[in-house]
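Here is the structure we will look at, set down as structure tokens.
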Amino acid sequence: MITISCKNGSIFTGINEDFLDAETKLQIAYYKAQGCVIETVESFRFNGECDCEHCEGLEHEFEDLIEQIIDEANS
């Protein structure tokens, strides 16, 4: 499993590494570019809500970004 967490370690996404497609790889890069921690782990537990400074500024609009890229590619 691949986990994505904020800088303080609060995990907010878990991804099965056996099913990585191009969109999932982009999502990992998207969060990594924002300073999130990407780790490969055997197991994990979600930490619940986090209100640290990093999370307050974190952008979670990945799906909107993908739609925007698709629209631009089709025009």
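The table below lists the values:
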quantity: Residues of the stretch 6-22 satisfying the condition of being assigned to a loop (DSSP other than H, G, I, E, B) and among the small types (Gly, Ala, Ser); calculated: Gly9, Ser10
quantity: In the stretch 57-75, the residues that are within 17 Å of the chain's Cα centre (by Cα), in a helix (DSSP H, G or I) and among the hydrophobic types (A, V, I, L, M, F, W, C); calculated: Phe62, Leu65, Ile66
quantity: Positions within the stretch 13-56 being modelled with pLDDT under 90 and either among the β-branched types (Val, Ile, Thr) or in contact with a Cys (Cβ under 7 Å, 6 or more places away or on another chain) (or both), in sequence order; calculated: Thr13, Cys50, Cys52, His54, Cys55
quantity: Residue within the stretch 58-67 that is touching a residue at least 40 places away in the same chain (Cβ under 8 Å) and either of a type in the set (Lys, Arg) or within 12 Å of Ser5 (Cβ to Cβ) (or both) present; calculated: yes
quantity: Residue match in the stretch 13-29 (condition: within 13 Å of the chain's Cα centre (by Cα) and hydroxyl-bearing (Ser, Thr, Tyr)); calculated: yes
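Residues checked against (1) touching a residue at least 24 places away in the same chain (Cβ under 8 Å); (2) part of a helix (DSSP H, G or I); (3) buried (at least 16 other Cβ atoms within 10 Å of the Cβ); (4) not charged (D, E, K, R):
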site: Ile4; (1), (2), (3), (4): yes, no, yes, yes
site: Thr24; (1), (2), (3), (4): no, yes, no, yes
site: Tyr31; (1), (2), (3), (4): yes, yes, yes, yes
site: Cys50; (1), (2), (3), (4): yes, no, yes, yes
site: Cys55; (1), (2), (3), (4): yes, yes, yes, yes
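The values are calculated or read from the model by the stated rules, or taken from the named source; none is laboratory data. Bear in mind that the values here come from a model prediction, so they are computed numbers and not experimental data. With ideal geometry, Cβ positions are generated from the backbone for all residues, glycine too; neighbour counts draw on all protein chains shown.
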